[in-house]
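Below: the structure, in structure tokens.
The values are calculated or read from the model by the stated rules, or taken from the named source; none is laboratory data. What you are looking at is a predicted structure, and each value in this text was computed from that prediction instead of being measured. Note: ideal-geometry Cβ built from the backbone for every residue, glycine included; neighbour counts use all protein chains shown. Quick note on the areas: whole protein, heavy atoms, side chains included, nothing else; ligands and nucleic acids left out. Shrake-Rupley method; radii C 1.70, N 1.55, O 1.52, S 1.80 Å.
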Amino acid sequence: MSDSIVLIPTYNEKENIEKIIRKVFSLVVPFHVLVIDDSSPDGTAAIVEKLMPEFPGRLFLEQRQGKLGLGRAYIHGFRWALARPYQFVFEMDADFSHNPDDLPRLREACLNGADVAVGSRYIKGVNVVNWPMGRVLMSYSASVYVRFITGMDIRDFTAGFKCYHRKVLEAIELDNIRSVGYGFQIEMKFTAVMHGFRVVEVPIIFTDRTEGVSKMSRGIFKEAALGVIKMKIGSWFRKYSRSS
């Protein structure tokens with residue numbers, strides 16, 4: 001039994017899913033993988049199902065009816081993981097923008113005292129490959145904006161490559177996480193800090209996908225920007241249990 005589970009949400013990732021699963025399973029650390037698929041019409045789930053007999057007890061699949069959003073997919077995965085004895089729960093994209101070789105580094109950060117380890121694109125300059133300049137500026141500016149609103153010194157607030165210690169997910173009231181899109185990544189970090197948990201950023205190089213279609217849009221960032229203000233105001237009226 002592994003102490004680490006990697007959650008990979010998918011929607012139309014047939015070009016990437018088998019390769020990312022095989023890469024994770026090639027690592028020295030014996031990670032488990034849970035794919036949360038939102039009824040991909042391209043057959044992503046069927047590819048995972050075909051691989052499961054090859055990796056018994058290591059590869060798992062949860063299928064949801066409809067495209068219900070990134071945040072809801074991760075919440076589903078968190079609940080699944082918490083029903084089992086995993087100590088470290090990871091978020092990772094299926095498209096290799098997050099390098100699986102960095103998974104052990106995130107885990108090591110949590111073993112060394114971090115409660116949440118974030119694969120950060122901006123802790124040492126701007127480490128992004130193959131993104132157009134407009135998208136880099138939009139992403140970087142979003143983190144600056146969130147730091148200004150929240151007062152929290154996290155350099156990459158929108159990062160989606162993370163390792164949570166189990167106790168963080170147990171403490172956070174997942175029903176209260178409202179964001180559905182990329183605002184979810186901001187809200188989870190903000191809530192972890194408000195609960196008194198230690199967030200550590202681990203420098204990574206983010207490489208844009210080479211296969212499949214990106215789900216990012218300006219609308220997603222606009223939704224997140226408005227959500228940050230609501231999140232901050234809401235925190236004034238909410239009590240957070242503090243970690244020991």
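A compact table of results
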quantity: For the chain, accessible area per residue (1.4 Å probe, heavy atoms of protein chains only), Å²; calculated: 45
quantity: Angle in degrees between helix 218-235 and the longest Cα principal axis of the chain, rounded to the nearest 10; calculated: 50
quantity: Degrees between helix 183-194 axis and first principal axis of the chain (Cα, 0 to 90, nearest 10); calculated: 60
quantity: 20 Å Cα-Cα threshold exceeded, pairs from K19/K189; K19/K124; K19/K167; K189/K230; K189/K239; K167/K232; calculated: K19/K189; K19/K124; K19/K167; K167/K232
quantity: GNM flexibility winner over the chain from R178, R72, R121 (Cα, springs under 10 Å); calculated: R178
quantity: GNM result for the chain, Cα springs below 10 Å: residue of V28, V144, V116 fluctuating most strongly; calculated: V28
quantity: Estimated inter-spin distance, M152 and R22, nm [label 7 Å along Cα→Cβ]; calculated: 3.8
quantity: Heavy-atom accessible surface of the range 14-80: percent carbon and sulfur, 1.4 Å; calculated: 56
quantity: Degrees between helix 70-82 axis and first principal axis of the chain (Cα, 0 to 90, nearest 10); calculated: 70
quantity: Ordering of 229-242, 46-59 by packing [mean C-beta count within 10 Å, highest first]; calculated: 46-59, 229-242
quantity: Candidate lysines - alpha carbon under 19 Å from K23, same-chain residues fewer than 8 apart omitted; calculated: K14, K50, K162
quantity: Only Lys, Arg (+1) and Asp, Glu (-1) charged, at Cβ; the chain dipole about Cα centre in debye; calculated: 760
